[in-house]
Every structure is written in structure tokens, then in C-alpha cells.
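The values are calculated or read from the model by the stated rules, or taken from the named source; none is laboratory data. No experiment lies behind these values; they were computed from the predicted model shown. Methodologically, a virtual Cβ is constructed for each residue, glycine included, from the backbone with ideal geometry; neighbour enumeration extends over all protein chains shown.
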């Protein structure tokens with residue numbers, strides 16, 4: 001378990017929406033030692049007084065790349081597949097989550113003004129490296145209050161940080177992409193580190209209904225969801241005392257909400273795929289507790305110019321071809337899939353690049369790099385991707 005601050009902050013974290021997210025319930029106890037399920041973490045919590053995602057809205061950039069206080073949870077999520085000149089492959093995940101512990105109020109704002117130690121914002125970070133040739137997955141979790149410069153998010157100058165883990169703007173662009181390219185820096189206690197420059201290669205995508213992504217039947221059970229589905233990435237990875245110069249492609253999600261899973265939902269399988277023909281695919285399958293697929297399952301196919309085609313549950317079939325049982329948690333995850341999208345004449349064979357890419361942190365989940373092959377419009381294609389899976393906890 002990652003070391004924590006001396007304020008006795010205990011966290012129960014929760015991955016929510018496409019690309020993940022986290023809530024915290026703060027208690028005067030030592031740091032948590034175990035993991036809870038997504039369904040448990042998302043099954044309760046007072047939402048009164050928080051802002052809600054209740055319908056489409058107008059986005060304003062660059063402001064909407066920054067934080068959205070008043071919403072209960074928010075995250076900035078990056079994954080990527082990176083390669084050395086001689087072909088060694090690394091997958092990475094870097095995510096910073098913001099959680100608002102109490103609803104916005106004038107009393108709390110007044111309290112914050114009295115001291116920079118007072119805050120109702122809590123930040124959590126997850127950083128992981130998948131070393132494909134060594135079949136080794138290393139990860140770390142840390143969290144801190146959003147006060148006294150320890151953690152935070154701001155638009156100008158653009159920066160999202162948690163202690164010395166950070167996403168910050170370099171060489172500012174213009175318009176909605178003004179806050180990009182960015183630099184990501186993070187280092188684990190064992191010395192594993194990334195220092196990456198990340199620049200959008202395709203336009204920003206507003207997921208769902210023009211950025212409004214509904215996930216359940218209740219009003220407000222939704223998020224606002226933005227993606228850069230393909231970003232040129234160059235930099236350094238440090239692992240095992242060695243430095244590797246790498247390049248490749250990343251995926252970014254930014255999402256905020258005050259939502260929870262419906263009572264009958266237990267988790268999801270979320271795919272992000274970058275294909276060799278320039279297309280990108282995002283698809284998440286929400287799973288119900290009875291084994292069925294939720295009607296709120298959705299996705300998008302993005303063409304090489306950045307135009308989006310919305311995908312509904314009836315547009316996509318997913319067949320699980322193999323599974324893997326974790327020796328750490330005894331959870332059993334899918335590890336190989338066949339995805340078929342008839343209306344786009346697209347068939348993909350997907351597999352985890354190696355089995356053990358499980359995140360045994362506050363909320364147990366799986367986040368791993370994928371191999372990709374298949375065909376589209378009669379032509380053979382390949383690619384890279386990531387899979388996120390939640391709700392596979394054993395009792």
C-alpha cells in the first residue's frame with residue numbers, strides 16, 4: 001500500500017464511467033488495507049446539494065479541461081502503448097481523480113478562505129506500467145487533500161497534480177486545444193517513472209450525446225465525458241534502474257459527475273482501441289447483476305479525421321474467448337474477446353498482452369494493454385488498445 005499523509009485520511013475509492021473515477025468517504029481511521037467492490041462503493045452516498053449531469057451542455061474551452069468543483073467526482077485519465085526503437089513495448093496508465101467530500105456551500109467556502117489547510121477536495125492517483133517483454137505489471141496508489149499545494153487542478157497555467165505526480169501544459173496551443181500538448185511526470189517509490197510529452201493527433205471527441213453520457217435510469221445518473229482518442233507520445237520510461245526512450249500513442253479521458261451505478265448494475269468492460277487504418281474505437285459494456293448487458297451500454301467509432309459514429313448495444317457483439325484467474329484476488333477476468341460491429345464491417349480479435357495486469361488498490365479492478373488484430377471493410381488491420389474491467393470481485 002502506498003504511504004499516506006499524516007492527516008489520517010482513509011479512502012474508499014470507486015472507479016466510475018468510461019476510463020474510471022473515484023469517490024472517497026473520509027473517516028478518522030488509519031489508511032485502508034483492503035479493497036471494496038465497485039458495486040459496494042457506488043451503491044450509496046449522499047448526492048444532495050451536489051451539481052448533477054442532467055442533460056447536454058455547452059462546453060467552454062480551455063476552461064472545461066480544468067476542474068469542475070460542485071460535482072462530486074472527476075478524473076483525468078491517460079493510457080498508452082509505447083515502444084523503444086528496438087521494439088520493446090510498455091503500456092502505461094496515469095490517472096488523477098478529484099473528489100468533493102461535501103456539497104458546495106457558502107459556509108465551507110468561508111472556512112476555506114480562513115486557512116489554506118481547510119478543503120473539501122481530496123485527490124487520488126493511480127500510476128501503472130506494463131512491461132510486455134518481462135510480463136511484469138507494477139503500480140502504485142497515492143492520495144492527498146487538495147490544500148496547501150499538495151494536490152489540485154487549475155486551468156491557468158494548466159496543471160493537474162498530486163504531490164510530484166503531475167500533468168501540465170507545455171507550448172500552449174489555441175482554441176479548445178489551448179492546454180495541449182502536456183507533459184506527464186510520475187515516479188513510484190521503487191524508481192519506476194515516466195516523463196512523457198503528449199500531443200493530440202486528432203480533434204477532441206465529445207462522447208455520448210455531445211459530451212453528455214447517460215449511464216442509468218435516474219436523473220443525474222450520467223457524466224460529462226471528453227476524449228482525445230489518439231495522442232502522439234514521446235519521452236522516457238524508467239524501470240529496474242534502466243531508462244528507455246519511447247514513442248507511441250496515448251488515449252485521454254476527462255470525465256466529471258455526481259452519479260452512481262443503477263441498483264441492478266455490477267460493473268463494466270471498457271475498451272479503447274487505436275487501429276492501424278486511423279480509426280479509433282471506444283466501447284464500454286455495462287453489466288447487470290443478472291448477467292445481462294445494460295441498455296446504457298454505448299460507444300463510438302472515430303474516423304481518421306475525428307468524426308464520430310455513435311454505437312448502441314445492438315450495434316456491437318462481444319464474445320469472450322478465454323479467461324484468467326488472478327492469483328492475488330481469485331477473481332476471474334475475461335482475457336480474450338471477439339468484437340463484431342456489422343454496420344462498420346469491423347471485426348476485432350483482442351487479447352491482453354499478458355494476464356496479470358490487475359490493479360489491487362482501494363477498489364480492485366483490471367487495467368491492461370491489449371493486442372489487436374482483425375479486418376475492416378475487407379482489409380486486414382492491427383492496432384493497440386487498453387481494457388478496463390470492474391465488478392469481477394469474489395465474495
Scan the stretch 312-330 and give yes if some residue there is part of a strand (DSSP E or B) and under 18 Å from residue 252 (Cβ atoms), otherwise no. no
Out of the residues in the stretch 151-166 that are buried (at least 16 other Cβ atoms within 10 Å of the Cβ) and at pLDDT below 95, which is farthest from residue 181 (Cα to Cα)? 155
Close pairs from the stretch 74-91: first within 14 Å of residue 226 (Cα to Cα), partner at pLDDT below 95 and outside any strand (DSSP E or B), Cβ under 6 Å, at least 6 apart: 75/21; 77/19; 77/20
For the stretch 340-395, the count of residues that are in contact (Cβ under 8 Å) with a residue 12 or more places away in the chain and in a strand (DSSP E or B) equals 34
Return the residue satisfying two criteria in turn: it lies in the stretch 58-73 and is in a loop (DSSP other than H, G, I, E, B) and over 17 Å from the mean Cα position of the chain (by Cα), and of such residues it is farthest from residue 226 (Cα to Cα). 70
Before we move on, is residue 261 farther than 25 Å from residue 88 by Cβ, touching a helix residue (DSSP H, G or I) at 6+ places or on another chain (Cβ under 7 Å) and modelled with pLDDT of 95 or more? no
Criterion: over 22 Å from residue 81 (Cβ atoms), in a helix (DSSP H, G or I) and at pLDDT below 95 - qualifying residue of 111, 122: 111
Quick one: in the stretch 170-195, of everything that is crowded, with 20+ Cβ neighbours inside 10 Å and within 18 Å of residue 67 (Cα to Cα), which residue is modelled with the highest pLDDT? 184
Which condition does residue 296 not pass, out of (1) surrounded by 14 or more Cβ atoms within 10 Å (Cβ to Cβ); (2) modelled with pLDDT of 95 or more; (3) not in a strand (DSSP E or B), if it passes all the others? (2)
